[in-house]
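Q: Before we start, here is the structure in question, set down as C-alpha cells.
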C-alpha cells in the first residue's frame, strides 16, 4: 500500500455474510472509538473497524502519505474482512474525510455514508495547532486531546477519563511520526468535488458542543441531499458520549433510505 508499511490492523464483528459497515476513527483514538457501535450494529452488519497509521496496531506511514492512500488502505481492510457487498461507510473527524475519499474510489461499493465530527473549512487552521501540540507533548498529548473531544459534562466523568487512559495505555504500539504525517495529509485543501459530487445517501451528525459544529453544517450544505442532525450536549466524539442517540439516528437514516439490512 502506498506510503503505509503494510495492511492496516482491522477487526470485524458480526456474521461474515452480513452487509459490511466500515468504521474509521478520529484522532487521537483508534478503532476502539467505535466500541458501542460495533456491539450494536453487528446485529445486522459485518462491522469492520480499522486503526489508522500511527494508532492502535497498524503499521507506520511514510513521507508522502495522502488521504487517498488512507482510503485505499481502508478498502483493502474491507476486502480482507467482509463480503464484496456494498458497504455503509462511517467516519468521525479525520475518519469522515477518509470515508469521503473511500466513496470516490468505489462509489459502486458504497451504500451510504455517515459522518460525525467532520466539517468543511476553506482553511484548516486546526492542523498546525494539533501538530505543534503533538511535537511539544509527544504521544502523551493523546490524553488531553481525547478529553477535548468530549463535551463539557461528559469530559468530567470517570468514563471519559477511562477512555483517555485506555488510549494512552496503547502508546507502545503508536507512532508519533505517522500521526504527524496523517495530519499533513489532512491539512491539504479538500478538492471541491470531494463533497459536492458525493452521490450516496449521506448523514452528517454533530454534537452541539463540538468545535466543528459550524463546519459540519457547512459540509452538509455542500453535499446534495445530505441530512444534518445535531446531538444536543455532545462534543466531537458524539458516538461515545451518546451512543443511544447516535445509533438511533443512524438506524433511522438507513431505514428511511430503504437499506436492505433494515427492511423486513
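The values are calculated or read from the model by the stated rules, or taken from the named source; none is laboratory data. These numbers come from a predicted model, not from an experiment. A quick note on method: Cβ atoms are made from the backbone with ideal geometry, for glycine too, and the neighbour counts reach across all protein chains shown.
Q: For a quick check of your reading: which helices (runs of 4 or more DSSP H) sit entirely within the stretch 144-241 and have at least 1 residues that are under 25 Å from residue 9 (Cα atoms)?
A: Values: elements: 152-155, 158-168, 176-186, 193-196, 213-222, 238-241.
Qualifying helices (runs of 4 or more DSSP H): 158-168, 176-186, 238-241.
Q: Does the stretch 163-181 contain any residue that is surrounded by 14 or more Cβ atoms within 10 Å (Cβ to Cβ) and under 18 Å from residue 207 (Cα atoms)?
A: no
Q: Here's a follow-up. Looking at the stretch 242-264 only, could you name the residues that are assigned to a loop (DSSP other than H, G, I, E, B) and within 22 Å of residue 22 (Cβ to Cβ)? Steps first, please.
A: Step one: of the stretch 242-264, the residues assigned to a loop (DSSP other than H, G, I, E, B) are 242, 257-259, 263-264.
Selection gives 242, 257, 258, 259, 263.
Q: Could you count how many residues in the stretch 45-72 are in contact with a strand residue (DSSP E or B) (Cβ under 8 Å, 6 or more places away or on another chain) and farther than 17 Å from residue 29 by Cβ?
A: The total comes to 7.
Q: What's the number of the only condition in (1) in a loop (DSSP other than H, G, I, E, B); (2) closer than 16 Å to residue 86 by Cα that residue 55 fails to meet?
A: The failed condition is (2).
Q: Of all residues in the stretch 14-31, count the ones that are crowded, with 19+ Cβ neighbours inside 10 Å and farther than 17 Å from residue 262 by Cβ.
A: Residues that pass the stated criteria total 9.
Q: Another one. Looking for whichever is modelled with pLDDT of 95 or more, within 20 Å of residue 252 (Cα to Cα) and in a loop (DSSP other than H, G, I, E, B) here; the options are 34, 44. Which one fits? Quick ask: steps written out before the conclusion?
A: Details: 34 fails: in a loop (DSSP other than H, G, I, E, B).
After applying the criteria, what remains is 44.
Q: In the stretch 58-71, which residues are outside any loop (DSSP other than H, G, I, E, B) and either surrounded by fewer than 18 Cβ atoms within 10 Å (Cβ to Cβ) or on the phi > 0 side of the Ramachandran plot (or both)? Please lay out each step first, then the result.
A: Quick first cut of the stretch 58-71, residues outside any loop (DSSP other than H, G, I, E, B) only: 61, 67-71.
Listed by number, the list holds a single entry, 68.
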